[in-house]
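Right, one structure below, let's go through it.
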Amino acid sequence: MTHAIRFHKTGGPEVLTWEEVSVGKPGPGEARVRHTAIGLNYVDTYVRSGLYPSPLPSGLGAEAAGVVEEVGSGVTDIKAGDRVAYGNSPLGAYSEARVMPADRLVVLPKDIADKQGAAMMLKGMTTQYLIRQIFKVKRGDTILFHAAAGGVGLIACQWAKSLGATVIGTVGSEEKAKLTKAHGCDHTIIYTREDFVERVKEITKGEKVPVVYDSIGKDTWPKSLDCLRPTGLLVSFGQASGAIGPVDLGILAAKGSLFVTRPTLNTYAAKRADMVAMARDLFDAVLSGAVKIEVNQTYPLKDAVQAHRDLQSRKTTGSTVFTV
């Protein structure tokens with residue numbers, strides 16, 4: 001019998017349960033995938049807690065790698081036996097096997113391992129739209145990236161550095177500062193003991209930065225705006241510390257005609273052609289050596305409760321995957 005992690009009510013990690021599930025045959029446009037590795041992402045905690053509502057009971061997770069067992073009618077891009085990965089599927093990746101829309105799958109290059117594929121798709125394609133579409137990072141830019149030691153952060157620091165940018169990253173400890181410096185971060189700011197606004201001003205000689213990437217939310221919002229030069233852009237793509245809440249748009253004018261966006265991967269990768277192009281850009285960055293995908297933590301899928309606890313208590317760095 002196939003097992004999956006599911007939850008019947010929203011709440012803390014303890015609501016996750018290890019259950020037997022049935023996996024049927026794929027219908028038109030679908031594929032059945034046997035997972036080999038599954039990605040853990042902070043957004044999973046938003047779904048589990050109810051911050052991002054889903055019908056209950058529910059599966060969890062949108063990122064994994066595995067092997068296609070069977071495809072339904074009308075599927076031409078994917079076939080049985082293909083090694084595949086995905087990063088923006090309907091909920092349900094926390095499972096040993098599943099049936100899912102085939103148009104969310106991409107074939108993994110032979111030189112990218114399953115664990116890497118499971119660790120990189122959601123975070124890597126998120127990085128792609130952040131630094132290659134929303135703000136096209138180029139040589140000479142100086143950027144600020146919060147949570148630089150996280151899964152998206154480590155990929156983004158490496159990728160932005162390879163594009164010629166100067167990368168400033170905020171982290172919570174000396175250990176994480178060393179980790180980010182080894183992954184392309186030129187300047188690290190330990191936010192627990194330094195004022196990151198003052199450090200950004202110091203590093204940029206008062207000019208500040210054209211873009212801030214912020215997945216923290218409530219705790220960093222006001223000061224992130226203060227790090228931007230006139231007409232700068234705040235990219236708010238997460239809320240680990242809580243929602244930002246109501247905003248007086250006049251503050252953007254007062255601080256220098258600033259711009260703010262709140263993007264999601266689901267929007268940028270909604271069309272298959274766009275998703276495939278983003279994945280190829282990511283694969284190229286990894287295969288070239290510009291971006292190294294390192295799995296820093298591994299848990300058996302049945303231990304998802306502990307993995308969520310460790311993630312939310314900031315005990316993890318970089319990418320984490322479940323094995324099945």
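None of the figures in this text is laboratory data; all of them are computed from the coordinates on show. Please read these numbers as outputs of a predicted model, since none were measured by experiment. Quick reminder, even Gly has a Cβ in these numbers, built from the backbone with ideal geometry, and neighbours come from all protein chains shown.
With each label modelled as a point 7 angstrom along the Cα→C-beta vector, the D226-L56 pair spans 4.0 nm. Cross-link partners of K178 among lysines, defined as those whose alpha carbon lies under 29 angstrom from its own and excluding same-chain residues fewer than eight positions apart: K115, K123, K136, K138, K161, K201, K205, K208, K218, K223, K292, K315.
Multiplying each eigenvalue of the alpha-carbon gyration tensor of the stretch 122-265 by 5 and taking the square root yields semi-axes of 20, 17, 16 Å, largest first, rounded to whole angstroms.
Extent along the principal axes, Cα only, for the stretch 129-170: 23, 19, 14 Å, with the longest axis given first.
For the stretch 64-73, the Karplus equation 6.51 cos²θ - 1.76 cosθ + 1.60, evaluated at θ = phi - 60°, returns couplings of 6, 9, x, 10, 6, 8, 6, 10, x, 5 Hz by residue, with Gly and Pro reported as x.
3J(HN,Hα) along the stretch 98-103: 7, 9, 8, x, 5, 6 Hz, from the Karplus curve 6.51 cos²θ - 1.76 cosθ + 1.60 with θ = phi - 60°, whole Hz, x for Gly and Pro. In this Cβ point-charge picture (+1 for Lys and Arg, -1 for Asp and Glu), the stretch 122-265 has a dipole of about 440 debye about its Cα centre. What whole number of Å gives the distance from the Cα centroid of the stretch 240-268 to the Cα centroid of the stretch 33-108? A separation of 30 Å, based on Cα centres.
With all pairs of different C-alpha atoms in the average, the Kirkwood value for the hydrodynamic radius of the chain is 20.1 Å.
Just need the relative contact order of the chain here, percent rounded to a whole number, with Cα pairs under 8 Å and 6+ apart. RCO, the chain: 18 percent. Under the membrane-span-like helix rule (DSSP H runs whose alpha carbons stretch at least 15 Å along the helix axis, mean Kyte-Doolittle hydropathy 0.5 or higher), the chain yields 151-162, 272-287. Close amide H contacts of T142 (hydrogens built in the peptide plane, cut-off under 5 Å, sequence separation of 5 or more or a different chain): T166.
Ordering of 181-187, 216-222, 156-162 by packing is 156-162, 181-187, 216-222, highest average first (other Cβ atoms within 10 Å, averaged per residue).
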